[in-house]
1. Within the range 60-92, restricting attention to residues that are farther than 14 Å from residue 27 by Cβ and charged (D, E, K, R), which residue is most open to solvent (accessible area, probe 1.4 Å)?
2. Checking the condition over 14 Å from the mean Cα position of the chain (by Cα) and not aliphatic (A, V, I, L, M), which residue from 43, 92, 47, 86 passes?
3. For the range 1-59, what are the residues that are open to solvent by 70 Å² or more (accessible area, probe 1.4 Å), touching a strand residue (DSSP E or B) at 6+ places or on another chain (Cβ under 8 Å) and part of a loop (DSSP other than H, G, I, E, B)?
4. I'm trying to understand the selection: among the residues of the range 37-70, which are in contact with a His (Cβ under 7 Å, 6 or more places away or on another chain) and free of Cβ contacts under 8 Å to residues at least 60 places away in the same chain?
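The values are calculated or read from the model by the stated rules, or taken from the named source; none is laboratory data. These numbers come from a predicted model, not from an experiment. Every residue, glycine as well, gets a Cβ built from its backbone with ideal geometry; the counts of neighbours run over all protein chains shown. To get the accessible areas, we keep the full protein, side chains included, count just its heavy atoms, and leave off ligands, DNA and RNA. Shrake-Rupley method; radii C 1.70, N 1.55, O 1.52, S 1.80 Å.
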Amino acid sequence: MSERPAIRHVVFFSAKDPADVARIIEGLSLLADIPHSDVFEVRRNIRDDALSGEADVVVYAEFASFEALTAYKAHPLYQESINRVRPLRDLRIAADF
C-alpha cells in the first residue's frame, strides 16, 4: 500500500474574461518551479459537470507536511504568480485537506 500525502492543496479559479484562461494557466504554471510540492498540476477544467461550471482552471498539489505547504506559499514565485493571475481571475476557492 502506498503512503498518502499529508496535505492535498486544491484551488479553483474562474476567469473574468474567458479569453484570459490561457494567461491564468501560464501564471499558475510558475508555481511548478517551487520545490516544496511532491505533486503539482495546473489543468483547464473540462466542464463535464452538469451542476457546476464556475471553475475554469484547477491547481492540484500534494505536500509531505504543513511546513512544506507553508514554505511553498512563502516562495517568491508564489507572489509572482499571484501578481500575474489576480487581475485576470474572478473566483478563487482553495481547500487544504
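1. Ranking the qualifying residues of the range 60-92, first place goes to 67.
2. Numbers: 43 fails: over 14 Å from the mean Cα position of the chain (by Cα); 92 fails: over 14 Å from the mean Cα position of the chain (by Cα); 86 fails: over 14 Å from the mean Cα position of the chain (by Cα).
Just one listed residue meets the conditions, 47.
3. 16, 38, 54
4. Going through the range 37-70, the residues in contact with a His (Cβ under 7 Å, 6 or more places away or on another chain) turn out to be 61, 63, 68-69.
Listed by number, the residues that qualify are 61, 63.
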